[in-house]
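Laboratory data are not the source of any read-out in this text; all were calculated from the coordinates shown. Since this is a predicted model, take the numbers as computed values, not measurements. Methodologically, a virtual Cβ is constructed for each residue, glycine included, from the backbone with ideal geometry; neighbour enumeration extends over all protein chains shown.
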Amino acid sequence: MSKPAPKTKSLTILHLYPGELNIYGDRGNILTLVQRLAWRGYGAKVIRSTVGGQVDIGRADLIFGGGGQDRGQVAVGEDLQRHGVDLQRAADDGVPMLTICGTYQLFGSGFTTLEGQTIPGIGIFKAHTMGSTERMIGNVVVDTSFGQLVGFENHSGRTLLEADQQPLGVVKKGFGNDGRSGMEGAVYNSVYGTYLHGPVLPKNPHFADALLLAALRRKYGLTDIEPLDDALEQQAARDASRRPQ
Amino acid sequence: MPLLFTIFIAKIILLASRILGRGGGSALPGLVAEKLDPSIGHRLAARIPHGSIIITGTNGKTTTSKMVAKVLGDRGEKLVRNRAGSNLSRGVVSALVEHASFGGRFKENMGLFEVDEAAMPAVCRMLQPRAIVVLNLFRDQLDRYGELDTTARLIGKGIGATNAQLILGADDPLVASLAGYAADPKKVIFFGLDRSPQKPLASDATADSTTCPKCGRALKYSRRFYGHMGHYSCPLGHFDRPQTQVNISGLSLNDESITLNANVDGQKVSGQVGLPGVYNAYNTAATLALSHSLGVDGESALHSLHQIEAAFGRVEKLEVGDKTLYLMLVKNPTGFNQVIQTFLLDKKEQEILLIINDNFADGRDISWLWDVSFEELASRRHALQVAGIRASDMALRLKYAGIPTRHSQTKIPKALKHFIDQLPAGGTGYVIPTYTAMLESRHWLARRYKLKGIWR
């Protein structure tokens, strides 16, 4: 009898509310994670959560949530409360998560609209978002502990971090969290919040790999991952960072 | 400011900009005229004997305007029209000034204007149109408008400022919801598609408006054609696809035309339209619905559309030496997916040049490329080249779709030259540019190959 083939290492990626929050090319982030696993011989399974649907947060090795329109965010904000405890537990346990724009805001303490209504968040980040009349739109470059990140931002919410909340990085070009503090994003354990879409991961492969490595380390004890040829990624990032804000 | 004086000044500017440079002059006269007299547009529009029609929506404005112009032109109507792309308030005013006589009279009897979604509040107030057509709402230059719901509100504000007959796409949830802005609910005609012969793309990520406008829950679809176009309902019963007065059943497609059966408010008609793709079936339905509301019989309206040429940059066939280029403008993921589905999906080993710019008129945010279904082409062995300001981003997108890039060149003239030179003798290539990339491509091609009529 022949030996069974060695089982491929594989990650389960949870995409939060792709049906409701789906308008800024966020799919590119999922594609990037899945392909960069595949190019290294790892498998990936993408599961999705929906408003009102069942999902087991505990199964996820890596969690992603994107940006959407206000109306989608209201429905998601309500539904996310059902998973708040499980998501906080996963965050404490070191599950890597990438949250962008609308999901980032809901991972803070909440979003207060211009009309004064507050959509409560789940409080993983010590941050609160206030609606504003100014839309912060344009190319954005941020210096982070991963090195430089480039992307595009498009938001009217201003996210204010509490004094002890660590930002993802410092804005070199663009608005960032609130257009004033010079801060962009937030970090807790391996959970990242940011306004960068564009989408963020394809042009910032070092950031994508950091998320993947955190997941592979937690699940399989890996300490590093094989480098890939990222010449095209770096070229695209250079070209994007030269564009006017 | 006296009306005739304003017209006089604006006409002088129009003449001067024509003498000084080609292509220019479509916005400046309107801009100056509005400065001199903010009510000039309103005052002139009121003098068009049979009133005006507005066509708006993300995709298909220019093509549908062309279709409507053909139908009405065949009935002997003379039309005041704005130029494709000059679809903000000043472009409309320029057209009014250009067509008006020095005495402020029109020999034309009706106005037909394609209007940018964001310009709807101002242009609706100005024109007080007799009819407004809203085709569809997809993500397009989001960086300019913010969000689709914001765009819809702007159109709604425009509609609310008029007493116009509304012609709305039923298959687009956000467009259908605009009926709520109608001054008179009886003055709404919905058009739609019964079914489509085209299989939806496996990885269609262009569904932008798939949540209920009341409760925000994901809509349930019984049929889905592309993007968020289809037959939908809210799971809690707040909202569903309205009943259509004009609908297209029996649709068949090829590279160059569509053949269809339609029901125009009870009248069954059938025929062929000389434009390809499911999206042009929607444009046809909108044209039939508008024509019907203007008293044009469905049969003869459809007959007018049998021979119609594509609008500027939308699937143009150009002969360059002994080679053939198809020039196909793309502006957003939905349009790009339609190009893929209509022209590239059923073919193999084609030569394709994608030209991506991120200037203001293209939309500065190019994240939409990640929502185009390039994955569907991975097995077709097409030879892809990329160009434009964001060529490297395009190549990166293709890499993640599993498609290698043969050649990458930022400069458009160099890229076109390389692309055409390497085509085999008598060969065909597909050039797929964004808006400003299309302008630059046409300009260069016209000069190099002495193409006539390509620039206007």
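The Cα-based radius of gyration of chain B, divided by its Kirkwood radius, gives an Rg/Rh of 0.96.
The overall shape of segment A:131-224, judged from the alpha-carbon gyration tensor, is prolate: a/c is not under 1.5, and a/b is greater than b/c. With K and R counted +1 and D and E -1, the other residues having a Cβ less than 13 Å from that of B:Ala33 yield a net charge of +1. How about segment B:272-355: which trypsin sites (Lys or Arg not before Pro) there lie in a loop by DSSP and see at most 16 other Cβ atoms within 10 Å? Counting only loop positions with at most 16 other Cβ atoms within 10 Å, the trypsin sites (Lys or Arg not before Pro) in segment B:272-355 are B:Lys347, B:Lys348. Close amide-amide hydrogen proximity is noted between A:Val191 and A:Met97, each under 5 Å apart and 5 or more residues distant or on a separate chain (H modeled in the peptide plane; Pro and chain starts excluded).
What are the GluC sites (Glu not before Pro) within segment B:318-358 that DSSP puts in a loop, where the Cβ has at most 12 other Cβ atoms within 10 Å? Sparse-neighbourhood loop GluC sites (Glu not before Pro): B:Glu349.
Overall, the ratio between the Cα radius of gyration of segment B:54-200 and 2.2 N^0.38 Å, rounded to two decimals, is 1.06. Here the Karplus curve 6.51 cos²θ - 1.76 cosθ + 1.60, taken at θ = phi - 60°, turns the phi angles of segment B:418-431 into couplings of 4, 5, 5, 4, 7, 5, x, 3, x, x, 10, x, 9, 10 Hz, with x standing for Gly and Pro. Using a/c under 1.5 as the rounded threshold, could you call chain A rounded, prolate or oblate? The axes a ≥ b ≥ c are square roots of the C-alpha gyration tensor eigenvalues, and prolate needs a/b larger than b/c, oblate otherwise. Note, shape of chain A comes out oblate. May I ask for the distance between the Cα centers of segment A:179-220 and segment B:219-266, given as a whole number of Å? Their Cα centres are 41 Å away from one another. Between B:Lys331 and B:Phe336, the built amide H atoms are under 5 Å apart, and every one of these is 5 or more places off in sequence or on another chain. Proximity of backbone amide H atoms, modeled 1.01 Å from N, is registered between A:Leu168 and A:Glu184, A:Gly185, A:Ala186, A:Val187 at under 5 Å, excluding neighbours fewer than 5 places apart on the same chain. Take each residue of peptide A:60-73, count the partner chain Cβ atoms within 10 Å of its Cβ, and average: the result is 3.
Kindly identify segment B:368-432 as rounded, prolate or oblate by the Cα gyration tensor criterion: order the square roots of the eigenvalues as a ≥ b ≥ c, call it rounded if a/c is under 1.5, otherwise compare a/b with b/c, prolate if a/b is larger, else oblate. Spell out each step's value before the answer.
Details: a/c = 2.30, a/b = 1.32, b/c = 1.75.
Here segment B:368-432 falls in the oblate category.
Our coupling estimate for segment B:256-270, obtained by passing each phi through the Karplus curve with A = 6.51, B = -1.76, C = 1.60 and θ = phi - 60°, is 10, 7, 10, 10, 8, 10, 9, 10, 9, 6, x, 8, 8, 10, 8 Hz, Gly and Pro reported as x. In loop segments of segment B:33-103 as defined by DSSP, the trypsin sites (Lys or Arg not before Pro) with at most 16 further C-beta atoms inside 10 Å of their C-beta are B:Arg47, B:Arg75, B:Lys78.
Counting, for every residue in B:369-375, the Cβ atoms of other protein chains within 10 Å of its Cβ and taking the mean gives 4.
Phi-derived couplings, Karplus 6.51 cos²θ - 1.76 cosθ + 1.60 at θ = phi - 60°, listed residue by residue for segment A:138-152: x, 5, 9, 10, 10, 8, 10, 5, 8, x, 7, 10, 10, x, 10 Hz, with x used for Gly and Pro. One equal scatterer on each Cα of the protein assembly as shown, no solvent, Debye formula: the resulting log10 I(q)/I(0) at q = 0.08, 0.09, 0.11 Å⁻¹ is -0.65, -0.82, -1.21.
Using a Gaussian network model of chain A in which every pair of alpha carbons under 10 angstrom is joined by a spring, one finds that among A:Gly123, A:Gly67, A:Gly151 the greatest mean-square fluctuation is at A:Gly123.
Taking each of B:Lys61/B:Lys317; A:Lys203/B:Lys417; A:Lys203/B:Lys317 in turn, the alpha-carbon distance tops 32 angstrom for A:Lys203/B:Lys317. Over all Cα atoms in segment A:34-180, the spread is summed up by Rg and Dmax: 15.9, 50 Å.
Going from the fewest other Cβ atoms within 10 Å to the most, the residues B:Ser252, B:Ser65, B:Ser26 appear in the order B:Ser252, B:Ser26, B:Ser65.
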